[in-house]
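In what follows, a single structure is set out as structure tokens and then discussed.
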Amino acid sequence: MSYDSYSLDDGLCPQCSAQADYFEEGLTCGWKCPACDWGVAATNPNDPAFDSTQYDVWVESRGQERKKVIATVAALMALNIKEARSLIDSGAAVAESLSRHEVLDLHAKLEAKDLGIRVEPEFPWLADATSSAD
Ligand SMILES: [Zn+2]
């Protein structure tokens, strides 16, 4: 995690040298000192609203028959069975360059069909998303 120009290397308040607290609140993050009134705030780079990353998504079977996975992917992605099968067989992403919102939407749809997803690059907005780093 980077605090940019507000990095406190030692985590100590520059005003009174007390241990400062790092906080993130929605769109804001920063440091505040519990002992005096010192504090800094900046835009929180970890807030989902600032995520402009484009994500690729792979479907992960949870033990379902391959045929069933293909049928589900075909239905969800508006593909015919042949297209869905070659997509699954090739190991390619089922969807590319999705926004965070689109990934969450797709995840919800797949989750409803009891299919998992794998997202690259790392997708921090899903607690149960598996990443390649796991
Ligand atoms: Zn202080």
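We did not get these values from a lab; they are worked out from the coordinates using the rules stated. Nothing here was measured: the structure is a model prediction, and the numbers come from that model. Here Cβ is always computed from backbone atoms with ideal geometry, including for glycine, and neighbour counts include all displayed protein chains.
Can you tell me which lysines have their Cα less than 25 Å from the Cα of Lys113? Leave out same-chain residues fewer than eight positions away.
Filter leaves Lys67, Lys68, Lys82.
Pop the C-beta distance of Glu24 and Trp125 into the FRET formula with R0 = 25 Å and round what comes out to the nearest 0.05.
0.95
Would you calculate the separation in nanometres between label points at Asp114 and Ser61, each defined as 7 Å from the Cα along the Cα-to-beta-carbon direction?
1.4 nm
If you rank His101, His107 by fewest surrounding Cβ atoms within 10 Å, what's the result?
Least crowded to most crowded, the residues run His101, His107.
What ranking do Leu98, Leu104 get, fewest neighbouring Cβ atoms within 10 angstrom at the top?
The most exposed by this proxy come first: Leu104, Leu98.
For Thr43 and Cys16, FRET efficiency with R0 = 30 Å and r from the beta-carbon atoms, rounded to 0.05?
After rounding to 0.05, the efficiency reads 0.70.
Once you place label points 7 Å from the Cα toward the Cβ at Met77 and Ala35, how far apart are they in nm?
5.7 nm
If we count other beta carbons within 10 Å of each Cβ, what is the order of Trp125, Trp58, fewest first?
Trp125, Trp58
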